[in-house]
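The values are calculated or read from the model by the stated rules, or taken from the named source; none is laboratory data. Since we're looking at a predicted model, the values are computed, not measured. Every residue, glycine among them, receives a Cβ derived from its backbone with ideal geometry; neighbour counts consider all protein chains shown. Please note that ligands, DNA and RNA were not included when accessible areas were found on the heavy atoms of the full protein model with its side chains. Shrake-Rupley method; radii C 1.70, N 1.55, O 1.52, S 1.80 Å.
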Amino acid sequence: MPDTSSKAGVNPDGTIDRARAKRMLNPFDRYALQKALEIKRGSGAEVTCVAMGPPPAVEVLIEAFEHGADYGILLTDKRLAASDTLATAYALHKVVHYLGDFDVILTGLQTTDGDTAQVGPQIAERLNIPQITYCEHLSISDRILKGQRIVEGGNQEIEVHLPVLITVANSATPLDYKRFADGAAVKELLRRPEERDRRIKTVSLDTIGANPNRTGLLGSPTVVGKTWKIGDVGGSCIVFKGESIEREVDELMEHLRTNGRNIEELINA
Amino acid sequence: MPNPNNVAVVAEQFHGSLQQITPELIGAARFLSEKLGTGVSCFLLGHEITPLAERLIHHGADEVIVIDAPQLKEYATLTYKRAVIGILEHLGTPPPIVLMGSTTIGRDLAPRIAAYLETGLTADCTEFDIGDYEHKGKADPSKTGTFKNILYAIRPSFGESLKARILGPWKNPQMATARIGVMQALPIDASRKGVIYNISVNFNEEDLRLKVIKTVRDVSGAVNLTGAKVIVSGGYGLGGPDGFGVVRDLASVFKNSVVGASRRAVDSGWIGYAHQVGQTGKTVRPDIYIALGISGAIQHRVGMANSKLIIAVNKDADAPILKFAHYGIVGDLYQAAPLLKKALIKMGKEKVQ
Ligand SMILES: Cc1cc2nc3c(=O)[nH]c(=O)nc-3n(C[C@H](O)[C@H](O)[C@H](O)COP(=O)(O)OP(=O)(O)OC[C@H]3O[C@@H](n4cnc5c(N)ncnc54)[C@H](O)[C@@H]3O)c2cc1C
Ligand SMILES: Nc1ncnc2c1ncn2[C@@H]1O[C@H](COP(=O)(O)O)[C@@H](O)[C@H]1O
């Protein structure tokens, strides 16, 4: 995904130039990766990361290797451009089929640019497997996964047979910022063609047998009609600034009294 | 027969109590249905929930389609998906629009239903409207054309710096989820009349793959940010977890108050995620919002900018929050908060006299 905190790649009209935007691992996917690595430590499983995007998205896989992921797949194809969540989920579920066997698919809760939280459940629907979204805790034994998901003001305990898709809540685990390998070392290693081919596979729609009519613009039931910048409100704030904070608080209270905000009603008598 | 041309709302209830989002969605659906010249239908799913149907009508629904089944006692993705699909199949023709909440249930269920139907879904909308759209795309000649009276699903995007109008004119239902606390519910009208339909659906083996052992909602201990009249929030400027003592202390002055927080305070482990206000936390609209040591980043602002009265304390006169708050105090929050508390208590006492 493009780095939304970076100014690079944002056009003057506010739209995103995804080819120019700086690329980074979606922060929400860090939690999914961390959960995957926890499962790996407990079971000897292997972690394969899948990224769909233009060729520079390989950076995201390299970042995942630094954290301890084993393999990466990059799905890249011009015909994927402008995919909405349905088309993205279709393409990603075809990658899963291409990979063959799996037990647990983890996704982030949402992306920070699209911010829809839809791709995970839509992959699960395409694969016809159950899902646990907003998952905070999970444990696996005898091919049964016990999970806890967040609901408003509480949680749900869920049991499900593998395979399953999990979207990982960002409250699931505090992020562990250490990396298992430094970036320069991973990049150096990947300069060796055999190592690169062993760990990263780049695939197209044809490789994975996906129908191009179901991806990109053609496969997307939605379209962005119009975007506009959220205008800067402001200028109307009354700021108290002066010698003493006592004065400032007094002036604020004076305003509150005279402006008929009726805040007295809300104060404990 | 229920009217398939109505704007549909999937109601949300928990163990028999309607959730806040539902009247808000009905309010939004009425606005859209009036523009389309149709009515509003609610889908009500659960077990022993039939009494709620009447209440949905009082909130503004014209029709309620109920599936009451023991398999729906606890929310679970696959059984609820089966039930919603069951209602849509019963309607025969897909409704023009289906709205759901952008809650942990809506965001779990809506994408699966949309994928099953292969229709468009727009997440986390903050505004809806009806209008026309001309699609000129050359890449997809089969899609070009002018479409009348379609759903404008409007949502923030790209880190909340933009708003985008998302359209899905090619297929019904056009689906969307709405952010909690943003749409306006209608006043309750106990004299409103409507029609209630009870239908049933068959669950199969596959629908029961996911077992919900239990759902716990600690209503008493829950942080009710969206229902509070007053929110006092703390940010990274508190300097540490103990700072929330000062925040709680100030909040205690008010009758119906809750403690909020910025994401940076939450991520630092100073307070639980349930307290987070903003893009990835809760959207709130209290009568008073007091921000202590919060810079006012766009992702925080979108969650609280609609509060009726915003008071910010920040030691940096250039902090963005001092541009969009109603009142700002420049200074150390540890000095300002106790003074504010004293002054507010005095104000409360004057009122009593
Ligand atoms: C995808 C995404 C989603 C996000 N979602 C959210 C969200 O939901 N909610 C959210 O809040 N943020 C969210 N953020 C983070 C947001 O961008 C900011 O980083 C965050 O809001 C900053 O928190 P803060 O204001 O507490 O901290 P800071 O920005 O560090 O501000 C601290 C403020 O405290 C002031 N201060 C310091 N000491 C004192 C003192 N003694 N007295 C008075 N003032 C003092 C400083 O002047 C400063 O203005 C999100 C970011 C991203 C990228
Ligand atoms: N292009 C992509 N490549 C890989 N994973 C993706 C992609 N888009 C979305 N996802 C996954 O789906 C999750 C939800 O994304 P979204 O529905 O866009 O908010 C993300 O956290 C990712 O785990």
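General observations
- When B:ILE321 is tested against (1) closer than 18 Å to B:LEU225 by Cα; (2) more than 7 Å from chain A (Cβ to nearest Cβ), only condition (1) is not met.
- Test result for B:GLY120, facing another protein chain (nearest Cβ under 9 Å), surrounded by 22 or more Cβ atoms within 10 Å (Cβ to Cβ) and not aromatic (Phe, Trp, Tyr): yes
- Within the range B:240-272, the set of residues being touching a Lys or Arg at 6+ places or on another chain (Cβ under 9 Å), within 8 Å of chain A (Cβ to nearest Cβ) and not in a strand (DSSP E or B) comprises B:SER252, B:VAL253, B:LYS255, B:ASN256.
- Scanning the range A:34-44 turns up no residue that is near ligand 2 (Cβ under 10 Å from one of its atoms) and either among the small types (Gly, Ala, Ser) or within 25 Å of B:CYS125 (Cα to Cα) (or both).
- Positions within the range B:157-168 being out of contact with any Pro (no Cβ under 9 Å at 6 or more places or on another chain) and either in a loop (DSSP other than H, G, I, E, B) or open to solvent by 10 Å² or more (accessible area, probe 1.4 Å) (or both), in sequence order: B:SER157, B:GLY159, B:GLU160, B:SER161, B:ARG165, B:ILE166
- Among the residues listed as B:GLY260, B:GLY234, the single one being crowded, with 20+ Cβ neighbours inside 10 Å, within 8 Å of ligand 1 (Cβ to nearest atom) and closer than 19 Å to B:TYR334 by Cα: B:GLY234
- Selection status of B:ILE298, out of contact with any helix residue (DSSP H, G or I) (no Cβ under 9 Å at 6 or more places or on another chain), more than 7 Å from chain A (Cβ to nearest Cβ) and within 13 Å of ligand 1 (Cβ to nearest atom): yes
- So B:GLY281, is it under 21 Å from A:LYS229 (Cα atoms) and more than 8 Å from every other protein chain (Cβ to nearest Cβ): no
- Selection within the range B:263-301 - aliphatic (A, V, I, L, M) and open to solvent by 40 Å² or more (accessible area, probe 1.4 Å): B:ALA274, B:ALA297, B:ILE298
- Pairs are defined by a Cβ separation below 9 Å, a sequence spacing of at least 6 or placement on different chains, a first member in the range B:282-310 that is more than 16 Å from A:ILE238 (Cβ to Cβ) and within 16 Å of ligand 2 (Cβ to nearest atom), and a second member that is modelled with pLDDT of 85 or more and assigned to a helix (DSSP H, G or I); the pairs so defined are B:GLN299/B:ARG263.
- Annotation note: Cβ proximity below 6 Å between a residue of the range B:201-218 that is touching a residue at least 24 places away in the same chain (Cβ under 8 Å) and a residue that is part of a loop (DSSP other than H, G, I, E, B) and open to solvent by less than 70 Å² (accessible area, probe 1.4 Å) (sequence gap 6+ or interchain) occurs for B:ARG209/A:PRO130; B:LEU210/A:PRO130; B:LEU210/B:ALA76; B:VAL212/B:GLU74; B:VAL212/B:ALA76; B:THR215/B:GLU74; B:ARG217/A:GLY153.
- Restricted to the range B:324-340, and to residues there that are within 7 Å of chain A (Cβ to nearest Cβ) and hydrophobic (A, V, I, L, M, F, W, C), the residue that is most open to solvent (accessible area, probe 1.4 Å) is B:LEU339.
- A count restricted to the range A:205-250 and to residues that are more than 27 Å from B:THR144 (Cα to Cα) and open to solvent by less than 30 Å² (accessible area, probe 1.4 Å) stands at 6.
- Boolean, A:VAL96 is among the hydrophobic types (A, V, I, L, M, F, W, C) and within 23 Å of A:GLY68 (Cα to Cα): yes
- Every listed requirement among (1) farther than 20 Å from A:GLY120 by Cα; (2) touching a residue at least 40 places away in the same chain (Cβ under 8 Å); (3) among the basic types (Lys, Arg) is met by A:LYS40 save one, (2).
- Within the range A:90-118, the residues that satisfy the criterion of being open to solvent by 40 Å² or more (accessible area, probe 1.4 Å) and either within 16 Å of ligand 1 (Cβ to nearest atom) or part of a helix (DSSP H, G or I) (or both) are A:LYS94, A:HIS97, A:TYR98, A:LEU99, A:THR111.
- If the condition is being assigned to a loop (DSSP other than H, G, I, E, B), more than 7 Å from chain B (Cβ to nearest Cβ) and at pLDDT 90 or above, then the range A:227-254 contributes only A:SER244.
- The criterion of at least 2 residues that are away from every other protein chain (no Cβ under 11 Å) and under 24 Å from B:ASP267 (Cα atoms) is met by the following strands (runs of 3 or more DSSP E) wholly inside the range A:126-226: A:131-141, A:164-168.
- The single residue among B:ILE213, B:ILE290 that is part of a strand (DSSP E or B) and within 13 Å of ligand 1 (Cβ to nearest atom) turns out to be B:ILE290.
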